[in-house]
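Heads up, the thing below is written out as structure tokens.
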Amino acid sequence: MTEKTVLNATHRALGARMVDFGGWDMPINYGSQIEEHHAVRQDAGMFDVSHMTVVDLHGERTREFLRHLLANNVDKLKAQGKALYSCMLDEQGGVIDDLIVYFFDDRHFRLVVNAATRAKDLAWIEQQAKAFGVEVKERPDFSMIAVQGPNARDKVIGLLHEVDRERIRKLGKFVAAAAQGPHGMPLFIARTGYTGEDGFEIIVPEEHAVALWEALLAAGVKPAGLGARDTLRLEAGMNLYGQDMDETVSPWEANLGWTISLDEGRDFIGRKVLEAQKAAGVKRVMVGLVLDEKGVLRHGQKVLTANGEGEILSGSFAPTLNKAVAFARIPAGEPGEVRVDIRGREVPVRVVKYPFVRDGKPCEGI
Amino acid sequence: MSEIPGDLKFLKSHEWARAEDNGNVRVGISDHAQGQLGDVVYVELPEIGASVQVGHGVATVESVKAASDIYTPVSGEIVEVNEALADSPETINEDAYGEGWLFVVKPSDRAELGELLDADAYAEQLENEDH
């Protein structure tokens, strides 16, 4: 049974091409995913991300619980509304999911986790929460719209109640706050995203989602599908769960070391294994690849290096760069002249540091 | 979806063939196929003079989403390829049955054209795929 977001009919009326994504019937594009990609890089685009799972955590020991559950340290969250990106690991240090956690107060935090991993995430969180007496409450009553691009914030702010505008304009990166939207609808606005552009991710009660979408459309925000979302996040150097990492992969091998907080005395799930891996040194590393020739790098293609074979994780044509880029996991060490096997043809590629694109511009050396 | 031109013949794999007045056969992909592929970003075309066999892959159309092998609907010799696609592959999305053509074959056996689906049969195949 395919699930539908409350915006499903709206997408269809806009001429969206729909696909199954993790059990959800979602728009892949509304005509051209490349045009949608450029709209986000140059102006403002919006994505229906209501398929993502919102989970509220309540209880006296919620902060203590999250110190244990997450590999990043929630003690970094001190001000109300502050957000943190983290991995949730299993006992073997494999990645169950990546997520964003928002701080309301010490008895209330909010998680936003991936759609495709919803069932296993909820089961894992509930299992771990018992010992801390924390209540785990899914919030299917919320929809979520991501508005992204250099003009995204202005367009959203223009729709807010006047008393909220200045406060939301001043919202720092990775901070969220409540505000009143069109017709007084209650919004939870976070200055976060998955595109490498500035913008907001807005959580809205389901019954107001269509009205918010229509208001954004009228304000000149261009609908964008999952196709553009994928090329935007790849250019921005952001991992996709299930493609770039999963339970079989250590965060050290997925360039997620920056999210691992090995702070003194905090016993989080997976920590022992992670420390052992770090001490032993990792065998595989995740790198960026650029193909300067014609052709497209794609998931699953073989990568040939001086130290043996690796493979492409996420790969695509990158519309901002007009050439193909990819993430690859390859054996650690100096890789030498690297080639990718594209349908039997060995094509030279460059190993680069990513992100490939930031704030609308190609990064240096790409 | 745009109308399927009545003078075209089709392979089940969504390539179209147009018999031209000089006896050659122009080949492209259907409007349905370009819609399925999404934005085309790169096209690999055969060499002029290459000898091709019906049903064999002779070209590749790559979209952002996927790479797709293109089969020739007739055997023969490649006499023309659409060089303009190198700079503007999106022409395939914009005009699949016209400016977005891929290559022209000088057929060695015109009887092969009779094996292809006509426009109505192809439209029916698309109907069935939708259900």
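Remarks
- Applying both filters, DSSP loop and at most 14 other Cβ atoms within 10 Å, to the GluC sites (Glu not before Pro) of the stretch B:73-103 gives B:GLU99.
- The stretch A:300-313 - phi-based ³J(HN,Hα) in whole Hz, Karplus 6.51/-1.76/1.60, Gly and Pro as x: x, 5, 7, 10, 9, 10, 5, 9, x, 8, x, 9, 7, 8
- Cα shape, the stretch A:54-128, gyration tensor, a/c 1.5 rule: prolate
- Relative contact order of chain B, pairs being alpha-carbon contacts under 8 Å that are 6 or more residues apart, as %: 30 percent
- Both the radius of gyration and Dmax for the stretch B:13-125 are 13.1, 37 Å, in that order, over alpha-carbon atoms.
- With Rh defined as the Kirkwood radius, the inverse of the mean 1/r over Cα pairs, the Rg/Rh of the stretch A:154-258 is 1.04.
- R0 of 60 Å, Cβ-Cβ distance A:GLN92-B:ASP21: FRET efficiency to nearest 0.05: 0.30
- A straight line joining the Cα centroids of the stretch B:96-131 and the stretch B:1-78 runs 8 Å.
- Selection of GluC sites (Glu not before Pro), the stretch A:274-366, meeting DSSP coil and at most 16 other Cβ within 10 Å: A:GLU293, A:GLU337, A:GLU364
- DSSP loop trypsin sites (Lys or Arg not before Pro) with at most 10 other Cβ within 10 Å: longest gap in chain A: A:174-366
- Rounded to the nearest 500, the helix-only mean residue ellipticity at 222 nm of chain A stands at -6000 deg cm²/dmol, with each DSSP H run of n ≥ 4 adding -39,500 (n - 2.57).
- Counting, for every residue in A:275-281, the Cβ atoms of other protein chains within 10 Å of its Cβ and taking the mean gives 0.
- Sparsely packed trypsin sites (Lys or Arg not before Pro) within the stretch B:1-88, loop by DSSP, other Cβ within 10 Å at most 13: B:LYS12
- Long-range HN-HN contacts of A:ARG358 with modeled amide H, under 5 Å: A:CYS363
- Rg of the Cα atoms in the stretch A:240-362, relative to 2.2 N^0.38 Å, amounts to 1.15.
- Residue among B:TRP16, B:TYR71, B:LEU85 farthest towards the positive dipole end of chain B, charges placed on Cβ: B:TYR71
- Alpha carbon centroid spacing (whole Å) that separates the stretch A:86-121 from the stretch A:36-56: 20 Å
- Taking amide H as placed 1.01 Å from N in the peptide plane, the amide H of A:SER143 sits under 5 Å from that of A:VAL204, A:GLU206, each at least 5 places away or on another chain.
- Legend: distances between Cα atoms for A:LYS76/A:LYS278; A:LYS78/A:LYS137; A:LYS323/A:LYS361; A:LYS222/A:LYS353; pairs beyond 21 Å are A:LYS76/A:LYS278; A:LYS78/A:LYS137; A:LYS222/A:LYS353.
- Computed over chain A, the P(r) tail beyond 25 angstrom holds 56 percent of alpha carbon pairs.
Each reported figure results from applying straightforward, stated rules to the coordinates on display, with no laboratory input. Note that the structure is predicted; figures quoted are calculated from it, not measured. Reconstructed Cβ throughout: ideal geometry from the backbone, glycine too, with neighbour counts over all protein chains shown.
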